[in-house]
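Working notes for the structure below.
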Amino acid sequence: MTTHPSQMRRHLTLAVSVALALLAGGCADTESDGDAASESPATVSAAPAEGSAEDTSAAEEAAPTNPAGGGVNQALTRDDVDCTSEGLGGDDDATFTSAYYVVDGDLGAVCFGEGDSTVEKAWRILADFTPPGQLNDLALFAGFDSGEQGDEVSLAFVNSVDDDSLFQMSVNVAEADADAEELTLTLAHEFSHVFTAIPSELDRDADPDSCATYWSGEGCYVEGGLMANWIDAFWRPDLIEQLDPEAEATAAEGQERCDLDPQFFGAYGASNPEEDFAESFSAFVLRVPSESDAQQAKLDWIAARPGLAEFRDRAESAGYGPQEHNFDPCGQADG
């Protein structure tokens, strides 16, 4: 199967709209610092953690819980999310094989199917580069088999659950096993759709006709939030006018903009502002070199926000990156 990395990071569901206010230890919309409070209620069954953090096998004992989040404790459960096949969102494109609760930022008990070492490995990668506390907005972490056909195959996707204040991240197990670097890049891409879609950043109850920033198809970006500022900085009015917020993000949707504009990290990133930010953020976290001044401007914009820069710093400290630039070339059209 031949797939371009940027094409693999599309969503199976309608793209989660993104807008970030404050990350722990950083800011989203200005240069000032701030903290984001977790809004992830859970019923926790706290039993002593077992095992070693070095073991990635689902059959082995779990690692101790990290008080700041990002650990593994398979004694942890919660009762506020639906972990059935229907609740996870299984359909013709995704057959779920396993799912875990995420409780206060730790990977908890298997709640669907059987434990999967690939899913647990993906969790540990995500936890390696994600700042403490930022995993609290996840409630479920799952593995699936893809039934997709064609050139675009999802390596991972994110969707909101419950009352849209909690999120589920799901990983294509076969594709995750095939390419560890692509998995890491994709996890960074997808997690940007989590930390930027918290209720304080995306008003899902807003009236589309009265949205003063940009209507994403799922809500209105909060004025002064990360995505509102991102759009102001990098999406000219003529680009916004080309968009259908209800359309699914695909490489084909963004190809013409990619051909004409060197600012984008691939055709998929050019499909809409959310995917533009996610592709740029993943490139930033894994220290992918820019191939144009316009791309570098986006990396610099992200680096200027300490809460976002921490993702890159943690990834570098954990030994991830730099990765090669393998996004689609943009800005190559004549004239």
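Per-structure values
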item: Unique match (being charged (D, E, K, R) and over 19 Å from residue 158 (Cβ atoms)) among 80, 92; result: 92
item: Residue check for residue 84: surrounded by fewer than 20 Cβ atoms within 10 Å (Cβ to Cβ) and at pLDDT 95 or above; result: yes
item: Members of region 259-295 that are without any contact (Cβ under 8 Å) to a residue 40 or more places away in the chain, part of a helix (DSSP H, G or I) and over 20 Å from residue 184 (Cα atoms); result: 271, 293, 294, 295
item: Within region 131-209, strands (runs of 3 or more DSSP E) holding 2 or more residues that are within 23 Å of residue 94 (Cα to Cα) and under 11 Å from the mean Cα position of the chain (by Cα); result: 156-161, 166-172
item: Qualifying positions in region 103-153 - touching a Lys or Arg at 6+ places or on another chain (Cβ under 9 Å), buried (at least 24 other Cβ atoms within 10 Å of the Cβ) and over 21 Å from residue 197 (Cα atoms); result: 108
item: Residue in region 177-195 that is in contact with a Ser or Thr (Cβ under 8 Å, 6 or more places away or on another chain), among the aromatic types (Phe, Trp, Tyr) and modelled with pLDDT of 95 or more present; result: yes
item: Residue 200 of a type in the set (Gly, Ala, Ser), touching a residue at least 40 places away in the same chain (Cβ under 8 Å) and crowded, with 22+ Cβ neighbours inside 10 Å; result: no
item: Within region 235-288, tally of residues that are buried (at least 24 other Cβ atoms within 10 Å of the Cβ) and within 13 Å of residue 302 (Cβ to Cβ); result: 11
item: Pairs with Cβ under 8 Å, 6+ apart, first in region 94-118 and without any contact (Cβ under 8 Å) to a residue 24 or more places away in the chain, second surrounded by fewer than 20 Cβ atoms within 10 Å (Cβ to Cβ) and assigned to a loop (DSSP other than H, G, I, E, B); result: none
item: Pairs where the first residue, in region 208-228, is surrounded by 19 or more Cβ atoms within 10 Å (Cβ to Cβ) and the second is among the charged types (D, E, K, R) and part of a strand (DSSP E or B), C-beta under 7 Å, 6+ apart; result: 219/203; 220/203; 222/203
item: Filter result for the condition that a residue is open to solvent by 40 Å² or more (accessible area, probe 1.4 Å) and under 23 Å from residue 202 (Cα atoms), over 293, 232; result: 232
item: Members of region 296-329 that are in a helix (DSSP H, G or I) and open to solvent by 20 Å² or more (accessible area, probe 1.4 Å); result: 296, 297, 300, 301, 303, 306, 310, 312, 313, 314, 316, 317
item: Residue in region 162-169 that is within 30 Å of residue 143 (Cβ to Cβ), surrounded by fewer than 15 Cβ atoms within 10 Å (Cβ to Cβ) and charged (D, E, K, R) present; result: yes
item: Within region 115-130, tally of residues that are within 21 Å of residue 178 (Cβ to Cβ) and part of a loop (DSSP other than H, G, I, E, B); result: 2
item: Condition met for residue 106 (of a type in the set (Asp, Glu), within 16 Å of residue 162 (Cα to Cα) and at pLDDT 95 or above); result: no
item: Conditions (1) open to solvent by less than 10 Å² (accessible area, probe 1.4 Å); (2) in contact (Cβ under 8 Å) with a residue 60 or more places away in the chain; number of the one not met by residue 176; result: (2)
item: Long-range neighbours under 6 Å by Cβ, at least six apart or interchain, first residue within 23 Å of residue 308 (Cβ to Cβ) within region 230-249, second polar (S, T, N, Q) and open to solvent by less than 40 Å² (accessible area, probe 1.4 Å); result: 249/271; 249/272
item: Any hit, region 55-69, residues being outside any strand (DSSP E or B), open to solvent by less than 40 Å² (accessible area, probe 1.4 Å) and modelled with pLDDT of 60 or more; result: yes
item: Out of 156, 188, sole residue that is of a type in the set (Gly, Ala, Ser), closer than 23 Å to residue 305 by Cβ and open to solvent by less than 40 Å² (accessible area, probe 1.4 Å); result: 188
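The values are calculated or read from the model by the stated rules, or taken from the named source; none is laboratory data. Keep in mind it's a predicted model, so treat the numbers as computed, not measured. Every residue, glycine among them, receives a Cβ derived from its backbone with ideal geometry; neighbour counts consider all protein chains shown. Please note that ligands, DNA and RNA were not included when accessible areas were found on the heavy atoms of the full protein model with its side chains. Shrake-Rupley method; radii C 1.70, N 1.55, O 1.52, S 1.80 Å.
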